[in-house]
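Notes follow the structure.
The values are calculated or read from the model by the stated rules, or taken from the named source; none is laboratory data. Note that this is a predicted model, so its numbers are computed, not measured. Glycine gets a Cβ as well: all are built from the backbone with ideal geometry, and neighbour counts include every protein chain shown. Areas reflect the complete protein model, heavy atoms only, side chains present, ligands, DNA and RNA absent. Shrake-Rupley method; radii C 1.70, N 1.55, O 1.52, S 1.80 Å.
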Amino acid sequence: MKHRKFKKESRKNQKYHMKPVSYRVYRLDYNEKSRFLLFCGLSYLFISYLFYHSIILSLVSSCLSYPCLGFYAAYLGDKRRRELKEQFRDLLYSVSASFATGRQMPEALKEAEQNMRLIYQENSMIVLELADMVKRLNEYRESEEEILRDFAERACIEDVTNFVDVYLTCRQTGGDLVKVISKASDMIMDKIAIEREISTITSQKRFEAKILTAIPFIILCFLQAASPDYLAPMYDSPQGRILMTMALAGIAAAYVISMKMTKIDI
């Protein structure tokens, strides 16, 4: 019975064990690609037919969804790094508390793994990263400096890099680790908290920008349903198609500019 229980727990640990992941690039899996291509293709098909009333042009424009996979992967990668950054803030709490009680970094990472398992799920990024760090410390006998440097390079997050640089510099110069780590952690956590408040404020503006972008499409659908003859010159003449193209380009440009204005770099 004990042997079976041990094998069951080993399978569970292998299931959630994570190979080193680079957060710099997000690689879409098959399901993510399929869902995006289906949604984006149908959206392009609808928008093209709404503005041009041409089935051929609509089918051709739906093929443009494939080049957009790169933008979608970048969006998911940015979202993943933001989630990791929020989880890293809780890790700083744990590490700072461990140093305050006289622990060193290896013991602080082991305690942080246990604490993060109480907060997050087993397959969350910070839990998997800490589990991998503890395994490398215990089984492969790697130094905490090498492990932290590798994590900072893969995370591609400024706050993670700053914390690791402070720790490594303090270890090399022989500074007061407890005081330096506590001060650095407080500053980084305050920075993350301020960025979260700014993100909350700008999220409302992004939502308003999305609503404003959708309004022209709603008006266009309403006019075509209520009075199709009113818009007939826009589809039957070259001048009308040029105006519709300019309108569509203006809507797309306004949306892109509004998203860039409200974007916060991490």
task: Return yes or no: is SER62 surrounded by fewer than 16 Cβ atoms within 10 Å (Cβ to Cβ) and modelled with pLDDT under 90?
output: no
- line: Taking region 215-246 and keeping only residues that are surrounded by 13 or more Cβ atoms within 10 Å (Cβ to Cβ), closer than 14 Å to TYR49 by Cα and in contact (Cβ under 8 Å) with a residue 24 or more places away in the chain, one is left with PHE217, LEU220, GLN224, TYR235, ARG241, MET244
- request: Please note which helices (runs of 4 or more DSSP H) are completely contained in region 105-184 and include at least 2 residues that are crowded, with 16+ Cβ neighbours inside 10 Å and under 20 Å from the mean Cα position of the chain (by Cα).
  value: 125-138, 144-155, 158-173
- request: Could you tell me whether region 192-208 includes any residue that is more than 20 Å from the chain's Cα centre (by Cα), of a type in the set (Ser, Thr, Tyr) and in a helix (DSSP H, G or I)?
  value: no
query: In this structure, is LYS19 within 29 Å of LEU128 (Cβ to Cβ), open to solvent by 100 Å² or more (accessible area, probe 1.4 Å), at pLDDT below 90 and part of a helix (DSSP H, G or I)?
result: no
task: For LYS33, state whether it is at pLDDT below 90, part of a helix (DSSP H, G or I) and either surrounded by 16 or more Cβ atoms within 10 Å (Cβ to Cβ) or basic (Lys, Arg) (or both).
output: no
